[in-house]
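Written below as structure tokens is the structure these notes are about.
Rule-based calculations on the coordinates, nothing more; no lab input. Every value quoted in this text rests on a predicted model; they were computed, and no experiment measured them. Neighbour counts run over all protein chains shown; Cβ positions are idealised from the backbone, glycine included.
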Amino acid sequence: MILIFTNKITSRIRYIFKHIFTSILGIEIKFTSNIEEFIAHDGPKISYAKKELGSELFFEAHTLLFDKGIQEDLEFSIDFKGEIPYFFRTSDKSALSHDLFASSFYLITRYEEYLPSIKDSLGRFQSKNSLAFQNGFLKIPVVDLWAKEILYKIQEKYPDIKANQRPFAFINTISSHEAFKYAQRGIGGTLAGFIKDFFQFKFQSIKERAQVILNLRRDPYNTFSFLLDVHKQNKLKSIFFFSIGELSEYDHNISIERIFYRELIKSIEDYSFVGINFSMRSTDQTHLKKEEKKAMETISHRTPNRSRQHLFKLNLPFTYRDTIEIDMRKDFSMGYHDEIGFRASTCTPFLFYDLKYESLTLLKIFPFIFSDHALKRKHGYDQKKIKQEILSLIMTVKEFSGVFISVFHNHTFSNEPQWKGWKEIYLDFIDTINTIQKEK
């Protein structure tokens with residue numbers, strides 16, 4: 001156990017110290033603001049303050065963890081040691097040259113996403129505006145890396161302190177925005193599809209739609225048998241996120257009133273975890289999220305606790321507040337739709353801290369590292385580069401004993417021209433994960 005002294009034990013300090021020491025390093029800590037208790041303690045101890053008290057290990061504190069609210073005028077410069085960024089510089093008296101606790105808090109709470117910025121056409125925070133993207137460290141889980149640096153400093157003074165070595169973990173997720181491309185659309189939806197394809201001169205789509213409707217071919221997006229077979233063969237229990245909201249401009253799934261769709265979800269749940277892909281319509285609309293959650297409960301006869309926001313649209317803190325209000329406990333939306341890497345600069349799941357309310361919540365955030373769409377956007381049809389990119393990311397997460405979370409979609413394995421070769425990419429990915437997990 002490490003005793004930590006700070007002049008004022010704020011909710012921010014409790015949050016980030018527990019994440020670094022407990023969640024990442026597996027080290028027990030205790031806080032105190034009592035100087036006499038701290039000085040009298042003869043075990044491992046560190047102080048987090050403006051001035052050191054004595055012979056303890058001293059980490060000089062930036063003001064961020066003692067502040068409240070969002071400081072729009074917060075300014076800092078970034079220093080680099082190689083490719084590794086450091087900010088919130090401290091004095092020479094500190095054990096580290098920068099306040100890595102405050103830096104970690106800034107990144108993991110997504111402080112910058114509360115600041116004014118230009119959103120994309122869907123109202124999403126843009127990856128290109130992030131500190132990590134602009135400074136070239138988006139593919140580095142710097143919070144986990146900094147945690148190791150903190151540990152090394154502590155072990156220099158207290159060599160008996162040992163971190164609990166976490167195993168590398170993998171969570172495979174499949175997002176199903178559209179379970180079927182043509183099937184189960186009803187008479188109205190099918191006719192509308194034919195008419196739209198005709199006026200857009202998509203004659204191949206007209207042919208395919210007719211073949212699917214006449215049961216002459218399988219719907220191209222219905223790749224669930226392929227996925228389940230792969231997962232069963234590899235003893236891989238994945239999470240499938242299904243869209244069950246009503247149709248809108250960005251929500252194109254079939255109605256949950258369709259028996260075939262309901263049976264599909266129930267059959268998937270026999271071998272996998274099932275979560276809700278909340279519709280775009282439900283963004284910041286708590287009552288719609290409640291309706292979608294209730295619909296999923298009716299289908300599966302279980303209470304869902306895993307969620308993902310459609311197209312990864314997050315509006316902090318409101319999206320997560322809505323998720324908490326309807327009693328969802330695990331969210332898998334933290335990542336960028338158009339970039340690869342660590343949006344929250346960590347490969348360790350973390351609890352959501354509401355910067356507006358200055359409160360820790362029980363909502364656990366599971367940050368994903370890449371989506372198939374982001375990989376395709378970056379590397380096009382170059383399978384070799386895609387596989388190399390994935391392997392590099394896996395090895396990075398393995399180095400920090402983190403949790404590797406991927407995002408694929410059912411339509412990715414449709415064998416349509418734009419997704420040619422992705423079944424092979426997926427199989428290679430799963431084989432690589434299996435090999436890594438077997439290594440000691």
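Residues with amide H under 5 Å of Phe240's amide H, sequence separation 5 or more or different chain, H placed in the peptide plane at 1.01 Å from N; which?
Ile174, Phe273, Val274, Gly275
Please arrange Val212, Val143 by counting, for each residue, the other beta carbons lying within 10 Å of its beta carbon, fewest first. The partial results should precede the final answer.
Numbers: Val212 22, Val143 27.
Lowest count first: Val212, Val143.
Compute the separation of the alpha-carbon centres of region 329-346 and region 303-325 and state it in Å as a whole number.
13
Using Cβ counts within 10 Å as a stand-in for footprinting exposure, how do Lys45, Lys153 rank, fewest first?
Working: Lys45 23, Lys153 17.
Result, fewest neighbours first: Lys153, Lys45.
Past the 22 Å Cα-Cα mark, which pairs from Lys387/Lys423; Lys398/Lys438; Lys128/Lys384? Walk me through the numbers on the way to the answer.
Numbers: Lys387/Lys423 12 Å; Lys398/Lys438 12 Å; Lys128/Lys384 26 Å.
Beyond 22 Å: Lys128/Lys384.
Counting pairwise Cα distances across the chain, what percent come out greater than 28 angstrom? Mind showing how you got there, number by number?
On the way: 52206 of 96580 pairs.
Of all Cα-Cα pairs in the chain, 54 percent lie more than 28 Å apart.
Could you work out which residue, out of Leu64, Leu138, Leu427, moves most in a Gaussian network model of the chain, that is, has the largest mean-square fluctuation with Cα springs under 10 Å?
Largest GNM mean-square fluctuation: Leu427.
Nearest-5 percent of antiparallel DSSP beta bridges in the chain?
Numbers: 9 of 44 bridges.
DSSP beta bridges in the chain are roughly 20 percent antiparallel.
Give the angle, between 0 and 90 degrees and rounded to the nearest 10, that separates the Cα long axis of helix 203-213 from the longest principal axis of the Cα atoms of the chain.
Roughly 80 degrees between the two axes.
Between Met1 and Glu72, with labels modelled 7 Å along Cα→Cβ, what's the label distance in nm to one decimal, could you check?
4.5
What share of Cα pairs, in percent, lie more than 27 angstrom apart in region 2-157? Each step should come with its number before you reach the end.
Working: 3005 of 12090 pairs.
So the portion of pairs separated by more than 27 Å is 25 percent.
Straight-line reach only, C-alpha to C-alpha below 16 angstrom: list the lysines that Lys68 could link to, leaving out same-chain residues fewer than 8 apart.
Excluding near neighbours in sequence, the set is Lys8, Lys356.
For region 1-84, what is one quarter of the convex hull surface built on the Cα atoms, given in nm²?
Values: hull surface 28.0 nm².
If I average the Cα hull's projected area over directions, I get 7.0 nm².
Using only DSSP helix segments of four residues or longer, with each worth -39500 (n - 2.57), what per-residue ellipticity at 222 nm results for the chain after dividing by its residue count and rounding to 500?
When only DSSP H runs of four or more count, the value is -10500 deg cm²/dmol.
If each residue's Cβ is checked for other Cβ atoms within 10 Å, how do Phe17, Phe170 rank with the fewest at the top? Spell out each step's value before the answer.
Details: Phe17 23, Phe170 18.
Ascending number of Cβ neighbours within 10 Å: Phe170, Phe17.
Using modelled amide H (1.01 Å from N, peptide plane; none on Pro or chain starts), what sits under 5 Å from the amide H of Ile29, excluding residues fewer than 5 places away?
For Ile29, whose amide H was placed from the backbone, the distant partners under 5 Å are Ile2.
Measure nothing fancy, just the Cα-based angle from helix 224-233's long axis to the longest principal axis of the chain, in degrees from 0 to 90, nearest 10.
50
How far, in degrees from 0 to 90, does helix 286-300 lean away from the longest principal axis of the Cα atoms of the chain, to the nearest 10?
60
Given the convex hull over the Cα atoms of region 322-383, what projected area results after averaging over all orientations, in nm²?
Values: hull surface 20.3 nm².
Mean shadow area of the hull around the Cα atoms is 5.1 nm².
In whole Hz, with x marking every Gly and Pro, tabulate ³J(HN,Hα) for region 312-328 from phi via Karplus 6.51 cos²θ - 1.76 cosθ + 1.60, θ = phi - 60°.
With the stated coefficients, region 312-328 comes to 6, 7, 10, 10, 7, x, 5, 4, 6, 4, 4, 4, 5, 4, 8, 6, 8 Hz.
Which percent of Cα pairs goes in each bin when the distances of region 298-408 are cut into 10 angstrom slices starting at zero?
13, 40, 31, 14, 2
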